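Worksheet for the structure shown next.
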Amino acid sequence: MAKQKKSPVDRRGFLRGVAGAAALAAQVPSAVAQVRAVSAPDSSAAEAPSNARPGSDFMLDVIKSLGFEYIFAMPGSSFAGFHESVLNYGGNKNPEYITCMHEESSVAMANGYFKIEGKPIMVCAHGTVGLQHAAMAIYDAFCDHVPVYILLGNTLDATRRPGEVGWVHSVQDAAAMVRDITKWDDTPVSLPHFAESAIRAYKIAMTPPMMPVVLVADTEMQDQSMPPGTDTRIPKLSLSSPPAGDSAAVEEVAKLLVAAENPVIVASRAARTPAGLKLIVELAETLQAGVVDQHRRLNFPTRHPLSQNLRTQGKPAIVPAAWNTDVILGLESSDFYATIRQAKQRGNVKAISINSGDLYSKSNYQNFQRYAEADLSIAADAEATLPALIETCKRLITADRKRAFEARGAKLAEAHRNAMEKTRADAAYGWDASPISTSRLSAELWEQLKNEDWSLVTEGFWIREWPLRLWNFDKHYQYIGGAGGEGVGYTAPAAVGAAIANKKHGRLSVAIQPDGDLMVANGVLWTAAHHRVPLLMVMHNNRAYHQEVMGLQGLANRRQRGVDNIGIGTKIYDPFIDYSKLAQSMGVQAEGPLSDPKDLSAAIRRGIDVVKRGEPYLIDTLTQPR
Amino acid sequence: MSKLVAVFVLLGAVLMGQNNAAPPGNAENGKRLFLQKGCYECHGTVGQGGTGPRLAPRPLALPALMAYIRQPAAAMPPYSNKILPDSEVADIRAYLASIPEPPPVKNIPLLNQ
């Protein structure tokens, strides 16, 4: 966030500010006018009003050609020219400006939006302080293979920087600080260059493995009138088809799968689109193979008889040795080493990986995990490879194998049913407890969502995956996974971004929101209220950074020092935070805190009523730690 | 303690826990300790389970519970006698034993949908 420093306002800057703000003087608060004045370059003459098109209008033409629905941004003077073009030249439509209160939120919102809509969102930020704020969320998107299209404002020309603030907000190489965690960046030096790089950036971001990209828009290029004769052609966007696996390797994978007695398909970020989920179902049904969904996306219906997730009791990261698996097929597995480790120790297990991550690696950040000793590894996009793999499997299946598959499928379906019964029995423990058990919270929500067109826009990890164990997920948009980089502060903004995407489809977005995460970026509550984002936010308020509580407690015990002090720095108390008042202060209707599970049903009903009217609603619920 | 010995201790203790002898320990103090000593962080306030396994109702017999707490497996940190004396373990076990059975699943409509 750019803070305006109280520096003297020079006369030329003041004049420019007055000139620029004159037409709005009646409506614009004086503080805003002063901000404009401070933003003026102290080495230039005041610019007279002009009807000539500023460069930022053309930049917007280029951006519009890419079909962005929204811009998520907190305002900043280094991209004010572009901002003004969006509002007044572009009519604030496609893209529409969504006001964010932190650049980290802007990027995380873009992350959540993409996972629902399958299209990237544009984020604008200062090239310096804004990008510094945004960095964690960019890392989340980088790890999570989510494209975010980031436009940074920056003033390269040292003689055009407006005063002290202008200098501290300028940088030689704006994208440098995130180059390790983005896929591509550029700093165009002309408008035609901007056009070409803007189209290229989109294409690169959208080619698997998808990742964030950065484009730097020079403030002078935004603000100055377009020189006569400027080439305003906008290059055609030609998206690359996703890379599919080599046919010989696919044939080999199919042979292994068809011959396997007990194969398991493990999917993590495999279903990029709704079609991906259907393809994984088709592969599983073709082979009658069990599927473990590691839930970085929704890859497989939770109540499908071949789903084996319930047998992992909410911990789907590992294929257990006890399953006697002979072939493991990893589809875009985020940690294939851990996935196959136990099963491999039993020996005689073939591990196959299809992963687009193998096509693009960087060195500095270690999100690539331990080296997995796969027996067959295909560097390709899993979703794009599945059609050929399915067809090859179908071709290789004999009548004998088909009979064996049917018998296997029946056993897996029985295991799924048994696991479902056990899951329900487990959910009953602590049913009437206060604080409210996370299984009760999830079951109460499901009761009122099951007949709606719903979308869970937060991850299940923090509540023992109870929604994924108890609810019937069968549509891709019903789940968005978590933060790829496991950064705290992702959940709330990603939920708001996902809810914005769900809005036009009329879906009921629901977030089960951890308390510590909300406090990192609670400004998204205001964004949700201001932009009328229909989102039911139910707090998982355990009044702690609970993951750290457990970690510190374990450490203190191993050191023989006891747990008496572990709440210091890890628990959120003295005072407790009243999340309903916090939400209300930002215009979000809210209630709570609730600690009696018997109060949940009516509260959820009230919340859904408000959300169906197109507004956000927050229920503060005091919950068990997990 | 070797793993084999530990298994026998646990098995024996579980069997012992099935007789009807009144177990030692103060349940009320055990509840206080269960919360104060952070047991609930992983196991839930009524021992229903969380990141750690379910402990109640029907907890392990005291010798097995004691043995496990002193030398746990998996991710659980050890609670030594210095941090959690034997008498406090007994109180905690008494609390866990006092927790009633949950309602049968068939009686919970929300879990049958």
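The values are calculated or read from the model by the stated rules, or taken from the named source; none is laboratory data. What you see is a predicted model, and the numbers here were worked out from it, not measured in a lab. Note that we place each Cβ from the backbone using ideal geometry, even for glycine, and neighbour counts take in every protein chain shown.
Pairs, please: C-beta under 8 Å, at least 6 apart or cross-chain, first residue in contact (Cβ under 8 Å) with a residue 24 or more places away in the chain and in segment A:341-355, second crowded, with 24+ Cβ neighbours inside 10 Å and among the polar types (S, T, N, Q)?
Close Cβ pairs satisfying both conditions: A:ALA343/A:THR325; A:VAL349/A:THR325; A:SER353/A:SER333; A:ILE354/A:THR385; A:ASN355/A:SER333.
Working carefully through the options A:ALA590, A:ALA556, A:ALA529, find the one that is under 21 Å from A:ILE116 (Cβ atoms) and crowded, with 16+ Cβ neighbours inside 10 Å.
Numbers: A:ALA590 fails: under 21 Å from A:ILE116 (Cβ atoms); A:ALA556 fails: under 21 Å from A:ILE116 (Cβ atoms).
None of the other options fit; the residue is A:ALA529.
Which of the residues belonging to segment A:283-337 are of a type outside the set (A, V, I, L, M, F, W, C) and under 17 Å from A:ALA374 (Cβ atoms)?
A:GLN294, A:THR325, A:ASP326, A:GLY330, A:GLU332, A:SER333, A:SER334, A:ASP335, A:TYR337
Got a sec? Which of A:ALA284, A:ALA248 is more than 28 Å from A:ILE63 (Cα to Cα), among the small types (Gly, Ala, Ser) and crowded, with 22+ Cβ neighbours inside 10 Å? I'd like the intermediate steps shown before the answer.
Numbers: A:ALA248 fails: crowded, with 22+ Cβ neighbours inside 10 Å.
Step by step, each of A:ALA284, A:ALA248 is checked, and only A:ALA284 is more than 28 Å from A:ILE63 (Cα to Cα), among the small types (Gly, Ala, Ser) and crowded, with 22+ Cβ neighbours inside 10 Å.
Does A:TRP446 qualify as being in contact (Cβ under 8 Å) with a residue 12 or more places away in the chain, within 11 Å of another protein chain (Cβ to nearest Cβ), farther than 17 Å from A:ARG311 by Cα and within 22 Å of the chain's Cα centre (by Cα)?
On the way: in contact (Cβ under 8 Å) with a residue 12 or more places away in the chain: yes; within 11 Å of another protein chain (Cβ to nearest Cβ): yes; farther than 17 Å from A:ARG311 by Cα: yes; within 22 Å of the chain's Cα centre (by Cα): no.
Spelling it out, it is not the case that A:TRP446 is in contact (Cβ under 8 Å) with a residue 12 or more places away in the chain, within 11 Å of another protein chain (Cβ to nearest Cβ), farther than 17 Å from A:ARG311 by Cα and within 22 Å of the chain's Cα centre (by Cα).
Have a look at B:ALA64, B:ALA97, B:ALA90, B:ALA56 and point out the one that is in a loop (DSSP other than H, G, I, E, B), within 27 Å of A:ALA428 (Cα to Cα) and aliphatic (A, V, I, L, M).
Details: B:ALA64 fails: in a loop (DSSP other than H, G, I, E, B); B:ALA97 fails: in a loop (DSSP other than H, G, I, E, B); B:ALA90 fails: in a loop (DSSP other than H, G, I, E, B).
The unique qualifying residue is B:ALA56.
Would you point out the residue of segment A:461-472, among those that are surrounded by 22 or more Cβ atoms within 10 Å (Cβ to Cβ) and in contact (Cβ under 8 Å) with a residue 60 or more places away in the chain, that is nearest to A:GLY516 (Cα to Cα)?
Residue satisfying both the conditions and the ranking: A:TRP462.
Kindly indicate whether A:THR312 is without any contact (Cβ under 8 Å) to a residue 60 or more places away in the chain, crowded, with 17+ Cβ neighbours inside 10 Å and among the polar types (S, T, N, Q).
On the way: without any contact (Cβ under 8 Å) to a residue 60 or more places away in the chain: yes; crowded, with 17+ Cβ neighbours inside 10 Å: yes; among the polar types (S, T, N, Q): yes.
It is true that A:THR312 is without any contact (Cβ under 8 Å) to a residue 60 or more places away in the chain, crowded, with 17+ Cβ neighbours inside 10 Å and among the polar types (S, T, N, Q).
Would you pick out the residues in segment A:124-141 that are among the hydrophobic types (A, V, I, L, M, F, W, C) and surrounded by fewer than 24 Cβ atoms within 10 Å (Cβ to Cβ)?
So the first thing to find is which residues in segment A:124-141 are among the hydrophobic types (A, V, I, L, M, F, W, C), and the list is A:124-125, A:129, A:131, A:134-138, A:141.
Once the filter is applied, which keeps residues that are among the hydrophobic types (A, V, I, L, M, F, W, C) and surrounded by fewer than 24 Cβ atoms within 10 Å (Cβ to Cβ), segment A:124-141 yields A:VAL129, A:ALA135, A:MET136.
Among the candidates A:VAL457, A:VAL488, single out the residue that is of a type in the set (Val, Ile, Thr), buried (at least 24 other Cβ atoms within 10 Å of the Cβ) and in contact with a Gly (Cβ under 7 Å, 6 or more places away or on another chain). Spell out how you get there, then give the answer.
Numbers: A:VAL488 fails: buried (at least 24 other Cβ atoms within 10 Å of the Cβ).
Residue meeting the stated conditions: A:VAL457.
Does segment B:67-95 hold any residues that are closer than 15 Å to B:LEU33 by Cα and away from chain A (no Cβ under 12 Å), and which are they?
Once the filter is applied, which keeps residues that are closer than 15 Å to B:LEU33 by Cα and away from chain A (no Cβ under 12 Å), segment B:67-95 yields B:ASP86, B:SER87, B:VAL89, B:ALA90, B:ASP91, B:ILE92, B:ARG93, B:ALA94, B:TYR95.
Since A:LEU441 meets every condition but one in (1) within 14 Å of chain B (Cβ to nearest Cβ); (2) modelled with pLDDT under 95, which condition does it not meet?
Failed condition: (2).
Within segment A:317-337, does at least one residue satisfy the condition of being in a helix (DSSP H, G or I), in contact with a Pro (Cβ under 9 Å, 6 or more places away or on another chain) and at negative phi?
First pass over segment A:317-337, keeping only residues in a helix (DSSP H, G or I): A:321-323, A:336-337.
With the extra rule that they be in contact with a Pro (Cβ under 9 Å, 6 or more places away or on another chain), the set shrinks to none.
There is no residue in segment A:317-337 that is in a helix (DSSP H, G or I), in contact with a Pro (Cβ under 9 Å, 6 or more places away or on another chain) and at negative phi.
When the residues of segment A:396-422 are filtered to those that are basic (Lys, Arg) and either free of Cβ contacts under 8 Å to residues at least 12 places away in the same chain or touching a Cys at 6+ places or on another chain (Cβ under 7 Å) (or both), which remaining residue is nearest to the other protein chains (Cβ to nearest Cβ)? Break it down stepwise before answering.
Looking only at segment A:396-422, we keep the residues that are basic (Lys, Arg), and these are A:401-403, A:408, A:411, A:417, A:422.
Filter once more, so that each one left must be either free of Cβ contacts under 8 Å to residues at least 12 places away in the same chain or touching a Cys at 6+ places or on another chain (Cβ under 7 Å) (or both): A:402-403, A:411.
Details: A:LYS402: 35, A:ARG403: 35, A:LYS411: 24 Å.
In this case the residue turns out to be A:LYS411.
All but one of (1) polar (S, T, N, Q); (2) crowded, with 22+ Cβ neighbours inside 10 Å; (3) assigned to a helix (DSSP H, G or I) hold for A:SER170, so report the exception by its number.
(3)
Just to verify a result, which residue in segment B:96-108, among those that are more than 8 Å from chain A (Cβ to nearest Cβ) and of a type outside the set (A, V, I, L, M), is nearest to B:ALA67 (Cα to Cα)?
Going residue by residue through segment B:96-108, those that are more than 8 Å from chain A (Cβ to nearest Cβ) are B:96-101, B:106-107.
Imposing the further condition that a residue be of a type outside the set (A, V, I, L, M) reduces the set to B:98, B:100-101, B:106-107.
Working: B:SER98: 21, B:PRO100: 24, B:GLU101: 25, B:LYS106: 36, B:ASN107: 36 Å.
Filtering first and then ranking leaves B:SER98.
Given the criterion out of contact with any Asp or Glu (no Cβ under 6 Å at 6 or more places or on another chain), crowded, with 20+ Cβ neighbours inside 10 Å and within 28 Å of A:ASN51 (Cβ to Cβ), identify the matching residue among A:PRO162, A:PRO209, A:PRO120.
Numbers: A:PRO209 fails: within 28 Å of A:ASN51 (Cβ to Cβ); A:PRO120 fails: within 28 Å of A:ASN51 (Cβ to Cβ).
Exactly one residue qualifies, and that residue is A:PRO162.
How many residues does segment A:288-315 hold that are out of contact with any Ser or Thr (no Cβ under 9 Å at 6 or more places or on another chain) and within 22 Å of A:GLY484 (Cα to Cα)? Steps first, please.
Keep residues of segment A:288-315 that are out of contact with any Ser or Thr (no Cβ under 9 Å at 6 or more places or on another chain), which gives A:288-289, A:298, A:302-308, A:311-312, A:315.
Restricting the remaining residues to those that are within 22 Å of A:GLY484 (Cα to Cα) gives A:298, A:302, A:312, A:315.
The number of residues fulfilling the criteria is 4.
Among the candidates A:SER50, A:SER106, A:SER78, single out the residue that is farther than 16 Å from A:VAL123 by Cβ and of a type in the set (S, T, N, Q). It would help to see each step written out before you state the result.
Details: A:SER106 fails: farther than 16 Å from A:VAL123 by Cβ; A:SER78 fails: farther than 16 Å from A:VAL123 by Cβ.
Selected residue: A:SER50, the only one of A:SER50, A:SER106, A:SER78 that is farther than 16 Å from A:VAL123 by Cβ and of a type in the set (S, T, N, Q).
Starting from segment A:69-84, take each residue that is assigned to a helix (DSSP H, G or I) and list its partners that are of a type in the set (Asp, Glu), counting only C-beta distances under 7 angstrom and pairs at least six apart or across chains.
That search, which allows pairs on different chains as well, returns A:GLY81/A:ASP223.
Across segment B:36-53, what is the number of residues that are surrounded by 24 or more Cβ atoms within 10 Å (Cβ to Cβ), more than 7 Å from chain A (Cβ to nearest Cβ) and assigned to a helix (DSSP H, G or I)?
2
Give me the pairs, please: first residue somewhere in segment A:480-497 and closer than 17 Å to A:ALA529 by Cβ, second residue anywhere and assigned to a helix (DSSP H, G or I) and aromatic (Phe, Trp, Tyr), beta-carbon distance under 7 Å, and either six or more positions apart or on two chains.
Short answer, once both residue conditions are applied: A:GLY497/A:TYR113.
Can you tell me which of A:THR182, A:THR187 is among the β-branched types (Val, Ile, Thr), more than 18 Å from A:ALA141 (Cβ to Cβ), modelled with pLDDT of 95 or more and touching a strand residue (DSSP E or B) at 6+ places or on another chain (Cβ under 8 Å)?
Numbers: A:THR182 fails: more than 18 Å from A:ALA141 (Cβ to Cβ).
On inspection, the qualifying residue turns out to be A:THR187.
Looking at A:ARG558 and the list (1) at pLDDT below 95; (2) within 18 Å of A:GLN448 (Cβ to Cβ), which single condition is not satisfied?
Exception for A:ARG558: condition (2).
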